[in-house]
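Beneath this line is the structure, given in C-alpha cells, with notes to follow.
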Amino acid sequence: MTGPTCATASGLPLMPRSSGTMSWNRTGTWRFLRPRYLDKTAPCSEACPVGQDIPKIEILLAQGAFEEAWLRLREENPLPGVCGRVCFHPCERSCNRKEYDEPVSINGLERFLADHAWKQGIPPPPVAEPATGKRIAVVGGGDTAMDVARKLLRLGSHPEIVYRRRVEDMPAHPEEIEEAREEGIPFRTLLSPSRIRTAADGLLELELTPMRSVEGDGRGRARAVPSGEPTVTMKVSAVFSAVGASHSEGVPREWADPSRTVPIGPHLRLLPEGAWKGRTPVFLGGDLVNDAKTVVTAIASGKEAAVAIDASFRGIAPERVLSGIRIGEKGAISMNRYLEGDRGKRQDHVVRFEEINAIYFESLERKARPRVTLGERRTGFDEVKMRISGSMAIREAERCFHCGLCDQCDNCHLFCPDIAVLRDPRTNRREIDYDYCKGCGVCVVECPRNAMVLEEEPG
C-alpha cells in the first residue's frame, strides 16, 4: 500500500522550486560562437548617387520624428526638396521591398520631409505665371523635352513632341512619358527635323524626314535611319530644341573626353597635372563626366569635389579619401563618414533580400502619392504630385525593412533563451551579456533585418 500523494487544486503533483538565483552559473563559458550587433549597408543607400542614409531616415519617420529625419536627410543632400520632385530615384529600383511586394516610396517620403520643413518657415519656390501660345513643336525624347512640352501646355499652348526614334527608345524617365501622354500631348515619332523655313503667314514650316527603326547591336537603343518616304511638313508658331545638351560654351571639348582626364571618384575627374601645373587644379563634374545627366548626379559631383578640394588643402590624396567614405560598391560617398559620424561604424556589406527574415513582415500596399486632376494639370501650374499627409508618410515609412540597421524591434531580447540581451537605459540600445550568452545564435537567426552577426569566439 502506497502512502498519500500531495497534489495541487488542479490535480497536478507538486513540483520543487528553487527560491535562489542561478546567476552564479555563468553559462557564457560554454560559448564558442559570439553574436554581436553590426549595422550594415542598405541597397537603397548604395544605389543613391548622393549616398543618403535612407533606412535611418525611414526609422525616424516611422517614429514621427520628422525634424530628426529631416536633419539626417540634409547631412548628405543639400537639395532634398528638388530631388523629392525630380530625382529618377534609383534607390527604389534597388529597394529589397520590391522583391516582397512593392518598393518603398522613398522619393515621396523625401518630398514629404522637404515640404514639412517648408511649413516650418522655409517658403517654397515661386510658381511661373500662365501665358498663352499656339501650336509648338518640341524636338527631343528626354526628360527636358517632356518638361518643356508639359510647361507649354500649362501656358496655354498646343505642344507636340517630335522624336526621331520610337517611344520605347526615348531616354526620358517612363513616368515622365506616361504623365505627358495622360495630359494629351501628341507624340510624333520616327520623324527627324531636317529644315525650318518661314512661311508667308509668318509661321514656321518644320520639315521632317520619316525614319525607320533598325535594331542595334543589343547594347543600346535601336538606330533610326531614313525610311525613304516623302518628307512631312509641320506648321508651327515656334520650335523648341530639347536634344543633345552639352557643356557650356568656352569649355574646351577635350575636357569632356574621359581619355584626357584622370578619374578621382565615380562622379568626378581631374585634368592632368600638365594642364594646370603651377596653378589651381581643375576638377570636372556634372554633365561633363556623368552618363546620367540629372540633378542628383550633379549633386554627387559637387560632394566629391568638395571633399577632394578639402583633402587637397590638407595635403591628402583625394582618391584615398573618397575610396574610404564610399557607401557600398557603386561609388556614392557619405559626408557623414567624411566628418567621422556614426555611419563610419557600419559594415560595407550590402544586405540583399535573401538575407532579410521576411517572415516578420506583412504584405502592405505601397501608398500612392495623390495627384491633381487631369483637368487641373492641363490648365495650371499646381504640382502634379501632391504632398502626402504626415500619417500617410509614417505608414509608408513603416513598410521599410530598414535593411542592415537595428531599429530595436526586440526580437533578439524575446527569443534569447538565456535572457542575455539587455537594454542599456543610457543609450536605449541592446547589449549582450556575454557572461550568460551561450552563443546559440537564435538572436542572429531571428533578426528580421540582418543587423547582427555570429562570429567565432576570439581567443
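A few remarks follow.
- Taking region 135-236 and dividing mean pair separation by its residue count, relative contact order in percent (alpha carbons under 8 Å, at least six apart): 23 percent
- Over the chain: helical MRE at 222 nm, DSSP H runs n ≥ 4 each giving -39500 (n - 2.57), nearest 500: -7500 deg cm²/dmol
- Cα-centred dipole magnitude for region 253-345, charges only on beta-carbon of K, R (+1) and D, E (-1), debye, nearest 20: 120 debye
- Around the Cα centre of the chain, unit charges on the Cβ atoms of Lys, Arg, Asp and Glu (plus for the first two, minus for the last two) sum to a dipole of about 560 debye.
- Cα gyration tensor shape of region 142-209, rounded if a/c is under 1.5, else prolate or oblate by comparing a/b with b/c: oblate
- Sequence-separation-based contact order of the chain, relative, with Cα cut under 8 Å and 6+ spacing, percent: 24 percent
- Scanning the chain for trypsin sites (Lys or Arg not before Pro) lying in DSSP loops with no more than 10 further Cβ atoms inside 10 Å, the longest uninterrupted stretch between such sites is 18-218.
- Since only A300, L203, T373 are under comparison, the one whose Cα sits farthest along the positive direction of the charge dipole of the chain, derived from C-beta charges on Lys, Arg, Asp and Glu, is L203.
- Residues C409, C437 arranged by fewest to most Cβ contacts within 10 Å: C409, C437
- In this structure, the pairs whose alpha-carbon distance is over 28 Å, taken from K303/K367; K98/K293; K98/K151; K119/K385, are K303/K367; K98/K151.
- Taking GluC sites (Glu not before Pro) in DSSP loop states with no more than 12 other Cβ atoms inside 10 Å as exposed sites, the chain has its longest site-free stretch at 1-214.
- For region 18-89, chymotrypsin sites (Phe, Trp or Tyr not before Pro) meeting the loop criterion (DSSP other than H, G, I, E, B) and having at most 15 other Cβ atoms within 10 Å: W24, F32.
- Rounded if a/c under 1.5, otherwise prolate or oblate - region 253-345, Cα gyration tensor axes: oblate
Every number in this text was worked out from the coordinates using simple rules, so none of it is lab data. These numbers come from a predicted model, not from an experiment. Methodologically, a virtual Cβ is constructed for each residue, glycine included, from the backbone with ideal geometry; neighbour enumeration extends over all protein chains shown.
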